[in-house]
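Notes follow once the structure below has been shown.
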Amino acid sequence: MARALVLAPHPDDDIIGCGGSIAKLSNQGHEVVVVYFTSGEAGSLEIEPSQLARIREDEARRAGRMLGVSEFLFWRQPDGFLQESAEITNQLVRLIRARQFSTVYLPHKQEANRDHAAAYHIGREACNRAAGPWFKDCG
């Protein structure tokens, strides 16, 4: 079975960025996994962050199920402060190698939002590392 990985900086970025592709791949029998780097907990001045994170994660699951997402992985990095790090890059390398994804969807590299830009750079670096025999310490 072919597998696709979608890297979403926040819940909703997967649907906004490539919801049509998710639905198409799912309908074609592909396994679609979404990694949410943050839970979007900083997205409101009126809702307490932990409550907003739960709401946004629940909404992401409901919307993703409608499109056929197979698995939802919430990595719960700080919303608004996602940063490239060896730890998170290596975690993503291990996931890519373990699941053997044939396709990885990334945010655009010129996104103005800092979390989106960081997610692009983390994803690109992890894909580069996962593709070859180097960086064996990553997994």
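Read-outs: derived from the displayed coordinates by stated rules, not from any lab. Quantities reported herein were computed from a predicted structural model and do not represent experimental measurements. Methodologically, a virtual Cβ is constructed for each residue, glycine included, from the backbone with ideal geometry; neighbour enumeration extends over all protein chains shown.
Annotation for segment 36-43: at least one member residue is closer than 25 Å to Phe101 by Cα and without any contact (Cβ under 8 Å) to a residue 60 or more places away in the chain. Residues in segment 13-22 that are surrounded by fewer than 24 Cβ atoms within 10 Å (Cβ to Cβ) and either among the aliphatic types (A, V, I, L, M) or in contact (Cβ under 8 Å) with a residue 24 or more places away in the chain (or both): Ile15, Ile16, Gly17, Cys18, Gly19, Ser21.
Applying the set (1) within 11 Å of Ala60 (Cβ to Cβ); (2) part of a loop (DSSP other than H, G, I, E, B); (3) without any contact (Cβ under 8 Å) to a residue 40 or more places away in the chain to His10 leaves exactly one unmet item: (3). Taking the conditions exactly as written (surrounded by fewer than 21 Cβ atoms within 10 Å (Cβ to Cβ), out of contact with any strand residue (DSSP E or B) (no Cβ under 6 Å at 6 or more places or on another chain) and assigned to a loop (DSSP other than H, G, I, E, B)), does Gly80 satisfy them or not? It is true that Gly80 is surrounded by fewer than 21 Cβ atoms within 10 Å (Cβ to Cβ), out of contact with any strand residue (DSSP E or B) (no Cβ under 6 Å at 6 or more places or on another chain) and assigned to a loop (DSSP other than H, G, I, E, B). Filtering Leu25, Leu67, Leu82 for residues that are touching a residue at least 60 places away in the same chain (Cβ under 8 Å) and under 21 Å from Arg99 (Cα atoms) leaves a single hit, Leu25. Of the residues Val69, Val104, Val34, the single one that is in a loop (DSSP other than H, G, I, E, B) and either closer than 27 Å to Ala130 by Cα or of a type in the set (Ser, Thr, Tyr) (or both) is Val69.
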